[in-house]
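What follows is a short report on a single structure.
The values are calculated or read from the model by the stated rules, or taken from the named source; none is laboratory data. All values reported here derive from a predicted model rather than from experimental measurement. Every residue, glycine among them, receives a Cβ derived from its backbone with ideal geometry; neighbour counts consider all protein chains shown.
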């Protein structure tokens, strides 16, 4: 199964160091949302599904002017883990949104943070912003002559205060520098897109898809099923059933897999089905179908193979039956599933306007 693929080279890299910069005007939603999603990389999926994944980890930290906790504008405390004076060089710095209108003399109010941002970027860090955080980058002079995304309500601020910045109102994810070292996003929830972008870029597109499934990031109009995966196998002590599970993991595409498991078990068919259901929580045929559909999802996410070919690979000679089963278990058609998750896999290459 592709679920047991060899770990990518990124798994051998040191954890990605991400500093999330907060200012007195920063709201906590993106700060803590980004922190949780990024910190989950390589950890949450194995806990939920039991599938071992080896990817490059991410170590986020919250950085502020000082290291002491302070109350955000919405009243929720923010607890920095480092100050701009003590934070080490990061691989990635993220500036979260700031409240509008901007404070008087923002350059003076944010002077220490702006100097730190410029120094981090000069030392090689990729600098990103979510929502109105791009105004902080503009105040630092880092976006002059470049395109930038931001919240739609910031358009007038860019026109009045930062005319050298080309504000793009329709962009969610913008490679502002066109070399991947300045990335701005638009909208209050655009931190979702930035999180998936960074995970896909540094930890691999498959991990970005896993993060989207764990946190239900994306179109949820069709419910949770499109995001769901086979849950962590139930722990049990039935050695006969465990051996059958180990066998079916590598032989699920074969014809009549349930019959073959019954034969391998040496048990009467009714006894086998009862013990299998009791041990795993699945009826044998449901277990096989779930394994097959999970493998089909992997192929839809990572290849351009025709749906008919994928159906055959996972054990279904009748593509029409496969499509019906897939929609019942995944909540969407195979084509809809492919469109949804292949688009996440391409987030690490954000679109830019022609020069």
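Going by the conditions given, is residue 132 touching a residue at least 24 places away in the same chain (Cβ under 8 Å) and either under 17 Å from residue 38 (Cβ atoms) or buried (at least 21 other Cβ atoms within 10 Å of the Cβ) (or both)?
When the stated conditions are applied, residue 132 passes them.
What residue, among those in segment 69-84 that are in a loop (DSSP other than H, G, I, E, B) and free of Cβ contacts under 8 Å to residues at least 12 places away in the same chain, is nearest to residue 23 (Cα to Cα)?
My answer is 69.
Tell me the residue from 263, 245, 342, 278 that is assigned to a helix (DSSP H, G or I) and crowded, with 17+ Cβ neighbours inside 10 Å, please.
The match here is 245.
Taking segment 199-240 only, how many residues are outside any helix (DSSP H, G or I), out of contact with any helix residue (DSSP H, G or I) (no Cβ under 9 Å at 6 or more places or on another chain) and within 30 Å of residue 276 (Cβ to Cβ)?
At the first step, the residues of segment 199-240 found to be outside any helix (DSSP H, G or I) are 204, 216-224, 228-238.
Next cut, out of contact with any helix residue (DSSP H, G or I) (no Cβ under 9 Å at 6 or more places or on another chain) only: 221, 223-224, 235.
After this cut, where a residue has to be within 30 Å of residue 276 (Cβ to Cβ) as well, the list is 223-224, 235.
Of the residues in segment 199-240, 3 are outside any helix (DSSP H, G or I), out of contact with any helix residue (DSSP H, G or I) (no Cβ under 9 Å at 6 or more places or on another chain) and within 30 Å of residue 276 (Cβ to Cβ).
Mind checking which residues of segment 312-336 are within 15 Å of residue 227 (Cα to Cα) and crowded, with 21+ Cβ neighbours inside 10 Å? Steps first, answer last, please.
Taking segment 312-336 as the starting set, the residues that turn out to be within 15 Å of residue 227 (Cα to Cα) are 326-336.
Selection gives 326, 330, 334.
Only one residue in 251, 192 is under 30 Å from residue 158 (Cα atoms) and at pLDDT 95 or above, so which one is that?
Going through 251, 192 in turn, the sole match is 192.
Quick check: is even one residue across segment 99-110 crowded, with 22+ Cβ neighbours inside 10 Å, under 21 Å from residue 30 (Cβ atoms) and touching a residue at least 60 places away in the same chain (Cβ under 8 Å)?
Checked segment 99-110: at least one residue is crowded, with 22+ Cβ neighbours inside 10 Å, under 21 Å from residue 30 (Cβ atoms) and touching a residue at least 60 places away in the same chain (Cβ under 8 Å).
Only one of (1) assigned to a loop (DSSP other than H, G, I, E, B); (2) in contact with a strand residue (DSSP E or B) (Cβ under 9 Å, 6 or more places away or on another chain); (3) touching a residue at least 24 places away in the same chain (Cβ under 8 Å) fails for residue 66. Which number is that?
Looking at each condition in turn, residue 66 falls short on (3).
Residue 117 passes all but one of (1) within 18 Å of residue 183 (Cα to Cα); (2) touching a residue at least 40 places away in the same chain (Cβ under 8 Å); (3) under 18 Å from the mean Cα position of the chain (by Cα); which number fails?
If we test residue 117 against (1) within 18 Å of residue 183 (Cα to Cα); (2) touching a residue at least 40 places away in the same chain (Cβ under 8 Å); (3) under 18 Å from the mean Cα position of the chain (by Cα), just (3) comes out false.
Counting only residues that are in a helix (DSSP H, G or I), closer than 30 Å to residue 170 by Cβ and modelled with pLDDT of 95 or more, how many does segment 302-338 have? Give the steps one after another, and end with the answer.
Taking segment 302-338 and keeping what is in a helix (DSSP H, G or I), we get 302, 307-313, 319-330, 334-338.
So of that shortlist, the ones also closer than 30 Å to residue 170 by Cβ come out as 302, 335-338.
Now restrict to residues that are modelled with pLDDT of 95 or more: 335-338.
Result for segment 302-338: 4.
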